[in-house]
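Chemist: This structure is in C-alpha cells; I'll ask about it shortly.
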Amino acid sequence: MAPARVFALSVAAVVDDTELTNEERESLVAKYGARAVEMLVLCNTMGHLDRPEDHENLKNETDLNAIRKRADFGEFVEKQ
C-alpha cells in the first residue's frame, strides 16, 4: 500500500501548494488521486491487501485522507 500512500500524500501536498495555479492544482490532484487508487488496485491484485487488517487500514490510514472523497476510492473500499 506504500505506493498508494505516496500518491495520496502528494495530493495533500498539492492542495496546499500556493505556488500553483488553480488549474495546475486541480490537474495534479486528479492525476495523483487517480494514480493512488490505481496503486491500491494493483496492490490488491498482487495479494498485498488480503489480510483483514489491510482492509481496516484502508478505512483508517490517515495517509489516504486526501483521496477518501474520490468516487473510485469509495468504490474500491466497498469491494474489499
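Quick note: the coordinates plus some simple rules give every number you see, no bench work behind them. It should be emphasised that the depicted structure is a prediction, and the values quoted were computed from it without experimental measurement. FYI the Cβ positions are ideal-geometry reconstructions off the backbone, even for glycines, and counts take in every protein chain you see.
Chemist: Among 10-17, 28-35, how do they line up from the highest to the lowest mean number of other beta-carbon atoms within 10 Å?
Modeler: Values: 10-17: 15.2, 28-35: 17.4.
In decreasing order of mean packing, 10-17, 28-35 become 28-35, 10-17.
Chemist: With +1 on each Lys and Arg Cβ and -1 on each Asp and Glu Cβ, and nothing else charged, work out how big the dipole of the chain is about its Cα centre, in Debye to the nearest 20. Mind dumping the intermediate values first?
Modeler: Details: 10 positive and 16 negative charges, 32 e Å.
That gives the chain a dipole magnitude of about 160 debye.
Chemist: Per DSSP H run of at least 4 residues, take -39500 (n - 2.57); add these up for the chain, divide by its residues and hand me the 222 nm value, nearest 500 deg cm²/dmol.
Modeler: Values: 4 runs with 56 residues, N = 80.
Result for the chain: -22500 deg cm²/dmol, rounded to the nearest 500.
Chemist: Then there is this: Per-residue HN-Hα couplings for region 34-49, Karplus 6.51 cos²θ - 1.76 cosθ + 1.60 at θ = phi - 60°, whole Hz, x for Gly and Pro?
Modeler: Whole-Hz 3J(HN,Hα) from phi for region 34-49: 4, 5, 4, 5, 4, 5, 5, 4, 5, 4, 5, 4, 7, x, 8, 10.
Chemist: At 0.36 nm per residue, and after removing the present C-alpha to C-alpha distance, how many nm does the segment from E19 to H48 gain when stretched out fully? Could the numbers behind the result be given before it?
Modeler: On the way: separation 29, 0.36 × 29 = 10.44 nm, distance 3.64 nm.
6.8 nm is the gain from fully extending E19 to H48.
Chemist: Next question. Assuming a viscosity of 1.002 mPa s and a temperature of 20 °C, what translational diffusion coefficient in µm² per second does Stokes-Einstein assign to the chain, Rh being the Kirkwood radius over Cα pairs? Please list the in-between numbers first.
Modeler: Details: Rh = 12.7 Å.
Translational diffusion coefficient: 168 µm²/s.
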